[in-house]
Amino acid sequence: MRQTLLPDLVVDAHGASSGVGITVEHGRLVAVGPATEGERLPGRALAPGFFNDHSHAFQRGLRGAVEQVEPSHPRDDFWTWREQMYALAGGLAPDSIHEVSRRSYGEMLSAGYTTVTEFHYVHHHPDGTKYEDPNALAKAVTLAAEDTGIRLLLLPVAYARGGLPRFRDPSVQAFLQRVDDLREWSEGRPLVEVGVGAHSVRAVPRGWLEEIGRYARRDDLPVHIHADEQPREIEECQAEHRLRPVELLAEAGFLGPSTTIVHATHAGEEELDLLSQHGASVCACPTTEGNLGDGFLPAESILERNLRLSVGTDSHVRIDPFEELREIETIARRLSGRRNILVAENETSPTPYLLRAGWGRGGPQAGDPADLIEIDLSHPALAGVEDRNLPSALVFGAGSGVVAGTWVDGRKKYTRGDPDG
Ligand SMILES: [Zn+2]
């Protein structure tokens, strides 16, 4: 079905235009340009949907529950938080991971995320034995995404050592067999894509990294890994390999244009150079990194090298793309004592750079998936904002409450105030 949407404004990274229609057919945008006929969306602006490039859906279950000091751990930090996360992960079953994932993905749609990359590492029974279907939990997560209608990039994640028994596979071959099976199962599921991941250099030894890197390259799959989130992880990597995490990944052949490093909080200049040389990307998760006390994203160094940047909600302490983007620039300001830091070449504002990180593009264009958000122009946060300043007002002065509707694959999947979504 061909349909033209006529909002008051169409937003891109540089401004907002009136008199523009967006024509949708078979789940794609087929035209973006001057139009007078179509379905009017009064009081609304249309913008691309946001990519949430790093999620552990089940960690939504920690919301509000980890914001006090446990008497047994008077000095709370990432590592004590992790104990509570393990306790939650230890109790998951197919039904409960489906339920919490559904809640996470529903909230993401309501906040304006239309695609989620799920970094999935809870695979087996609590004692480490396989489910009858060895991908039972990954499939439960996938079905939750399909229930809500969000687009999913599912990354089954390798875990070799440490953590809980249910995270671990006995060999990299056993792990990759499960990935093969999951890829086959996902064929014919239009909103689902399967890539691959390795948890971290802490949880995955060098031999596995080499195999997983080879596998991803052979089939041109997206491949993600956590790296440089905490100083201790870097110290342990140096003790084991005499290399920093990204140096190890480079030597193991893990880096390439389809590789995404999640966090890179403490990545050194040489590590960022290596990412640049291999065309790899960085996914920042500022609200989680702030909540866990990880540190500050080296955003200026990432921009200088023109590394591709995306954002993720990771632990889901917050699910709000505007806040993630704003944090990236705010961190750069706090670190430098200046303003308007992440200004890309030929730009005068950080807003285009930040929106590109959130959308993966500069604005709605013919050929893109029909994944869109409706912005409520009557929202108090946007009152009095000039059209040309709307993108910056969204990034610097708004929150997910301005999202009034979310479209995925040309269909409306979320309507604000509608109890059925
Ligand atoms: Zn993570």
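The values are calculated or read from the model by the stated rules, or taken from the named source; none is laboratory data. Since the structure is predicted, the reported quantities are computational estimates derived from the model, not experimental observations. No Cβ is skipped: glycine too gets one built from the backbone with ideal geometry, and neighbour counts run over all protein chains shown. Calculation scope for accessible area: heavy atoms of the full protein, side chains included, ligands and nucleic acids excluded. Shrake-Rupley method; radii C 1.70, N 1.55, O 1.52, S 1.80 Å.
Quick notes
- Evaluating 6.51 cos²θ - 1.76 cosθ + 1.60 at θ = phi - 60° for every residue in region 257-263, the Karplus couplings come out as x, 9, 8, 10, 9, 8, 4 Hz, glycine and proline recorded as x.
- Residue among Q173, Q68, Q84 with the largest mean-square fluctuation in a Gaussian network model of the chain, springs linking Cα atoms under 10 Å: Q68
- Per-peptide packing, taken as the mean over residues of other Cβ atoms within 10 Å, places 188-196, 317-325 in the sequence 317-325, 188-196 from highest down.
- Region 344-362-region 93-134 distance, computed between alpha-carbon centres (Å): 31 Å
- When only alpha carbons are used to place a centre, region 66-80 and region 171-245 end up 30 Å from one another.
- Assuming charge only on the beta carbon of Lys and Arg (+1) and of Asp and Glu (-1), the dipole of the chain about its Cα centre is about 280 debye to the nearest 20.
- Shape call, region 196-337: gyration tensor on alpha carbons, a/c limit 1.5: prolate
- Antiparallel content of DSSP bridges confined to the chain, in %, to 5: 40 percent
- Here the Kirkwood formula puts the hydrodynamic radius of region 120-271 at 15.9 Å, using every distinct Cα pair.
- Ligands, DNA and RNA are left out, and with a 1.4 angstrom probe the accessible area of region 116-262 is 37 Å² per residue.
- Prolate/oblate/rounded call for region 337-421, Cα gyration tensor, a/c under 1.5 rounded: oblate
- Burial order of peptide ranges 351-363, 298-310, 380-392 (average beta-carbon count within 10 Å, highest first): 351-363, 298-310, 380-392
- Among the trypsin sites (Lys or Arg not before Pro) found in region 214-276, those both in a DSSP coil and sparsely packed, with 13 or fewer other Cβ atoms within 10 Å of their Cβ, are R242.
- Taking amide H as placed 1.01 Å from N in the peptide plane, the amide H of D314 sits under 5 Å from that of H54, S55, H56, each at least 5 places away or on another chain.
- A Cβ-based charge dipole, computed about the Cα centre of region 77-190 with Lys and Arg at +1 and Asp and Glu at -1, lands at about 200 debye.
- Gyration tensor verdict on the chain (Cα atoms; rounded if a/c is under 1.5, prolate if a/b is larger than b/c, oblate otherwise): prolate
- Region 287-421 - percent of accessible surface contributed by carbon and sulfur, probe 1.4 Å: 43 percent
- Within region 72-138, the GluC sites (Glu not before Pro) that combine a DSSP coil assignment with at most 16 other C-beta atoms in a 10 angstrom radius are E132.
- Portion, in percent, of the accessible area of region 29-103 that falls on carbon or sulfur, probe 1.4 Å: 53 percent
- The residues of region 359-421 have, on average, 43 Å² of accessible surface per residue, using a 1.4 Å probe with all protein chains present.
- Seen from every direction in turn and averaged, the convex hull around the alpha carbons of region 280-323 projects onto 3.2 nm².
- Each stretch of four or more DSSP H residues adds -39500 (n - 2.57); spread over every residue of the chain, this sum gives -10500 deg cm²/dmol at 222 nm.
- Taking a sphere under 12 Å around the Cβ of R166 and counting the other residues whose Cβ falls inside, with K and R at +1 and D and E at -1, yields a net charge of 0.
- Diffusion of region 90-187 by Stokes-Einstein, at 25 °C in a medium of 0.890 mPa s and with Rh set to the Kirkwood radius over alpha-carbon pairs, works out to 178 µm²/s.
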